[in-house]
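Please read the structure below before turning to the comments.
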Amino acid sequence: MMLLTAAELASMRATQALAWPDVATHLTPTSTANALGEAVIAWGTAGTAIPCRLAPVQAQTRISSVATETVTLPNWVVTMAYSGTVHAGDRLAIGSRTYEVLAVADGFNWRTALRLECISVEK
(Lines give C-alpha, C1' and ligand atoms only; values in the text may rest on other atoms or scores of the structure.)
Protein backbone atom coordinates (compact mmCIF):
# COMPACT_ATOMS: atom_id res chain seq x y z
CA MET A 1 0.00 0.00 0.00
CA MET A 2 1.43 3.36 -1.03
CA LEU A 3 1.19 6.16 1.53
CA LEU A 4 0.82 9.83 0.77
CA THR A 5 3.41 12.23 2.09
CA ALA A 6 2.36 15.24 4.14
CA ALA A 7 3.25 17.48 1.19
CA GLU A 8 1.09 15.44 -1.22
CA LEU A 9 -1.87 15.53 1.17
CA ALA A 10 -1.45 19.29 1.65
CA SER A 11 -1.37 19.74 -2.13
CA MET A 12 -4.58 17.71 -2.53
CA ARG A 13 -6.30 19.81 0.16
CA ALA A 14 -5.18 23.04 -1.52
CA THR A 15 -6.48 21.84 -4.88
CA GLN A 16 -9.82 20.88 -3.29
CA ALA A 17 -10.12 24.36 -1.76
CA LEU A 18 -9.94 25.96 -5.22
CA ALA A 19 -13.42 24.57 -5.94
CA TRP A 20 -15.29 26.35 -3.13
CA PRO A 21 -17.27 29.20 -4.70
CA ASP A 22 -19.77 29.57 -1.84
CA VAL A 23 -19.54 30.98 1.69
CA ALA A 24 -21.36 29.56 4.73
CA THR A 25 -22.30 30.66 8.21
CA HIS A 26 -22.17 27.76 10.69
CA LEU A 27 -25.13 27.70 13.10
CA THR A 28 -25.35 25.50 16.20
CA PRO A 29 -28.47 24.73 18.25
CA THR A 30 -28.99 25.56 21.91
CA SER A 31 -32.05 24.19 23.68
CA THR A 32 -33.80 26.22 26.38
CA ALA A 33 -37.21 25.98 28.00
CA ASN A 34 -39.96 28.56 27.61
CA ALA A 35 -42.39 29.61 30.37
CA LEU A 36 -44.47 26.45 29.76
CA GLY A 37 -41.42 24.20 30.02
CA GLU A 38 -41.41 23.44 26.29
CA ALA A 39 -38.07 23.06 24.54
CA VAL A 40 -37.14 26.02 22.36
CA ILE A 41 -34.20 25.86 19.95
CA ALA A 42 -32.10 28.99 19.41
CA TRP A 43 -29.45 29.07 16.67
CA GLY A 44 -26.11 30.63 17.55
CA THR A 45 -23.35 31.52 15.11
CA ALA A 46 -20.29 29.25 15.46
CA GLY A 47 -18.45 30.51 12.37
CA THR A 48 -18.81 32.94 9.47
CA ALA A 49 -17.40 33.36 5.97
CA ILE A 50 -16.53 29.66 5.68
CA PRO A 51 -15.53 28.79 2.09
CA CYS A 52 -17.55 25.85 0.76
CA ARG A 53 -19.29 24.29 -2.23
CA LEU A 54 -23.03 23.58 -2.26
CA ALA A 55 -24.17 20.90 -4.72
CA PRO A 56 -27.51 19.13 -5.23
CA VAL A 57 -27.74 15.38 -4.78
CA GLN A 58 -28.93 13.81 -8.03
CA ALA A 59 -31.64 11.16 -8.53
CA GLN A 60 -32.89 11.04 -4.96
CA THR A 61 -36.24 11.91 -3.44
CA ARG A 62 -36.40 13.96 -0.28
CA ILE A 63 -38.66 11.68 1.77
CA SER A 64 -38.64 7.89 1.63
CA SER A 65 -40.92 5.48 3.48
CA VAL A 66 -39.17 2.40 4.77
CA ALA A 67 -41.67 0.00 6.37
CA THR A 68 -43.51 2.26 8.85
CA GLU A 69 -40.61 4.66 9.33
CA THR A 70 -40.17 7.86 7.33
CA VAL A 71 -36.54 8.60 6.52
CA THR A 72 -35.34 12.02 5.40
CA LEU A 73 -32.80 11.72 2.61
CA PRO A 74 -30.21 14.40 1.88
CA ASN A 75 -30.78 16.51 -1.20
CA TRP A 76 -27.68 18.70 -0.88
CA VAL A 77 -23.98 18.11 -0.22
CA VAL A 78 -21.81 20.84 1.25
CA THR A 79 -18.04 20.46 0.93
CA MET A 80 -15.63 22.51 3.06
CA ALA A 81 -12.17 22.35 4.63
CA TYR A 82 -11.25 18.97 6.10
CA SER A 83 -10.59 20.60 9.49
CA GLY A 84 -14.19 21.86 9.90
CA THR A 85 -16.08 21.10 13.11
CA VAL A 86 -19.61 20.83 11.76
CA HIS A 87 -21.82 18.08 13.25
CA ALA A 88 -25.12 16.40 12.37
CA GLY A 89 -27.94 18.63 13.62
CA ASP A 90 -26.04 21.87 12.92
CA ARG A 91 -27.15 24.26 10.21
CA LEU A 92 -25.38 26.18 7.46
CA ALA A 93 -26.65 29.45 6.02
CA ILE A 94 -25.48 29.75 2.42
CA GLY A 95 -26.77 32.63 0.34
CA SER A 96 -30.42 33.21 1.22
CA ARG A 97 -31.11 29.60 2.28
CA THR A 98 -30.44 27.49 5.35
CA TYR A 99 -29.44 23.80 5.29
CA GLU A 100 -29.60 21.29 8.13
CA VAL A 101 -26.77 18.78 8.37
CA LEU A 102 -28.10 15.21 8.42
CA ALA A 103 -24.75 13.44 8.36
CA VAL A 104 -21.03 14.07 8.15
CA ALA A 105 -19.08 11.80 5.81
CA ASP A 106 -16.10 10.81 7.92
CA GLY A 107 -13.64 8.01 8.55
CA PHE A 108 -11.51 8.34 5.44
CA ASN A 109 -7.77 7.74 5.66
CA TRP A 110 -6.75 10.80 3.66
CA ARG A 111 -9.41 13.38 4.23
CA THR A 112 -9.02 16.28 1.81
CA ALA A 113 -12.38 17.90 2.60
CA LEU A 114 -15.38 17.62 4.89
CA ARG A 115 -18.56 16.45 3.11
CA LEU A 116 -21.89 17.20 4.75
CA GLU A 117 -25.20 15.62 3.70
CA CYS A 118 -27.90 18.27 4.12
CA ILE A 119 -31.53 19.21 3.52
CA SER A 120 -32.86 22.68 2.84
CA VAL A 121 -34.92 24.13 5.71
CA GLU A 122 -37.04 27.24 6.09
CA LYS A 123 -35.39 30.14 7.91
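The values are calculated or read from the model by the stated rules, or taken from the named source; none is laboratory data. Quick caveat, the model's predicted, so the values are computed rather than measured. When we count neighbours, we look across all protein chains shown, and the Cβ atoms used for this are built from the backbone with ideal geometry, even at glycine. Heads up: the accessible areas ignore ligands, DNA and RNA and are worked out on the full protein's heavy atoms, side chains in. Shrake-Rupley method; radii C 1.70, N 1.55, O 1.52, S 1.80 Å.
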Rolling a 1.4 angstrom probe over the protein chains, ignoring ligands and nucleic acids, what is the accessible area of Val57 in square angstrom, nearest 10?
40
Computed over the Cα atoms, what is the radius of gyration of the stretch 74-123 divided by 2.2 N^0.38 Å, N being its residue count?
1.11
Summed side-chain charge close to Trp110 - residues other than Trp110 whose Cβ falls under 12 Å, Lys, Arg +1, Asp, Glu -1:
+1
Among residues other than Ala55 whose Cβ falls under 12 Å from its Cβ, what is the net charge (Lys/Arg +1, Asp/Glu -1)?
0
